[in-house]
1. Would you compute, from DSSP H runs of 4+ residues alone, the mean residue ellipticity of the chain at 222 nm, taking -39500 (n - 2.57) per run and dividing by the full residue count, rounded to the nearest 500?
2. For the stretch 251-267, what does the Karplus curve 6.51 cos²θ - 1.76 cosθ + 1.60, with θ = phi - 60°, yield as ³J(HN,Hα) per residue in whole Hz, taken in order and with x for Gly and Pro?
3. If you roll a 1.4 Å probe over the heavy atoms of the protein chains, what accessible area per residue do you get for the stretch 1-92, in Å²?
4. Quick one: net charge around His316, please, counting Lys, Arg +1 and Asp, Glu -1 for every other residue with C-beta under 10 Å from its C-beta.
5. Counting DSSP beta bridges with both partners in the chain, what percentage is antiparallel, nearest 5?
6. Defining a contact as two alpha carbons under 8 Å apart and six or more residues distant in sequence, what relative contact order in percent does the chain show?
7. Residue by residue through the stretch 137-153, which ³J(HN,Hα) values in whole Hz follow from phi under the Karplus form 6.51 cos²θ - 1.76 cosθ + 1.60 (θ = phi - 60°), with glycine and proline marked x?
8. Which percent of the accessible area of the stretch 155-306 is formed by carbon and sulfur heavy atoms (probe 1.4 angstrom)?
Amino acid sequence: MEQRHLGRTGLRVSRIGLGTLTWGHIEENDAADLLKVFWEAGGTLVDTADVYGDGEAECLLGRLMERLVPRRDLVIATKAGSVPDPERRIDGSRGHLLAALDASLTRLGTDYVDLWQVHAFDPDTPLEETLQALDIAVTSGRARYAGVSNFSGWQLAKAATWQLAQPGTRTRLAGTQMEYSLLQRGVEREVLPAAVDLGVGLLPSSPLGRGVLTGKYRHATPADSRGGSDQMAPFVAPYLDDTASRIVDAVATAADGLSATPLQVALAWVRDRPGVSAPIVGARNAQQLTAALSVETLSLPDEICRALDDVSAPVHRYPDHDWSTL
């Protein structure tokens, strides 16, 4: 699998990453199959978080690294900051973040993570305090690189600029993880331009539009799908409207013309967008993951990209466009 630099850093990652959001709820043998398929395909970037499965995803990944895949072959990314507190969903304080990192390292069974990310912006903690935790993590060797997740455009720009203000003292942000797909292009408004300008690599989550872009919901909701489960149906529902349906139809048409699958077309589109380092894909089983990894051999023709751009284009007016043309 092709490797890419994460932002303007020396960290190289596979251009498709493996997500572990559901690893707290799957059997260890199934997770082992996923990791083995990913590794054998040349994948390196494995993304997790301290709250996935209440920490079980990290524990499971740690056990698999011990017996299945060499630690040195993987780029492990994890996150901290989300807390199970209805009054305060995000805790970006230095104390909480560093304690969470130590707990993640214990669960993962490793001395360091390759990429440590703040899970979301904390409005109740000074940003410089949050960012200082990243600096401490890197200088102490507990993290090789640092990044953020779910930061808006101004939040990312402020954080990245703060870190660049004292090169050699503060660690620059390597990446930002955000939802991005043909069904969710909101990051193009401000986040992606800021990331490109400041040398921060984008790691798209839900690159298949929460599964909708695979085409599985075109005619009905499969009983064994996320949309068919009581727990995950609200997660999928926003992407089952008429606008999404038109985009999915366009993806299916493009796939037919290319002798490809809708999954391949949708994933190739987001993978090769400017500023993107590696989409993070999740899979329930090895068969699903193999289907996603098969996109490695596909590059979309320019005319297909333009057609998909047009049909999925979000409405961005003032101040994103030249004010004099409005």
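The values are calculated or read from the model by the stated rules, or taken from the named source; none is laboratory data. Bear in mind the structure is a predicted one, so any value in this text is a computation, not a measurement. Neighbour counts are summed over all protein chains in view; Cβ atoms, including those assigned to glycine, are modelled from backbone coordinates with ideal geometry. Only protein heavy atoms, including side chains, enter the accessible area calculation; ligands, DNA and RNA are left aside. Shrake-Rupley method; radii C 1.70, N 1.55, O 1.52, S 1.80 Å.
1. Working: 11 runs with 123 residues, N = 326.
Helix contribution divided over all residues of the chain: -11500 deg cm²/dmol.
2. 4, 5, 5, 4, 4, 4, x, 9, 6, 10, 9, x, 4, 4, 5, 5, 6
3. Details: 4040 Å² over 92 residues.
About 44 Å² of surface per residue is accessible.
4. Working: positive: Arg185, Arg189, Arg317; negative: Glu188, Glu190, Asp320.
Net charge around His316: 0.
5. Details: 5 of 32 bridges.
Close to 15 percent.
6. Numbers: 584 pairs, mean separation 59.1, N = 326.
It rounds to 18 percent for the chain.
7. Values, residue by residue: 4, 6, 5, 7, x, 6, 9, 7, 9, 9, x, 9, 8, 6, 8, 6, x Hz.
8. Working: 3440 of 6720 Å².
Percent of accessible area from carbon and sulfur atoms in the stretch 155-306: 51.
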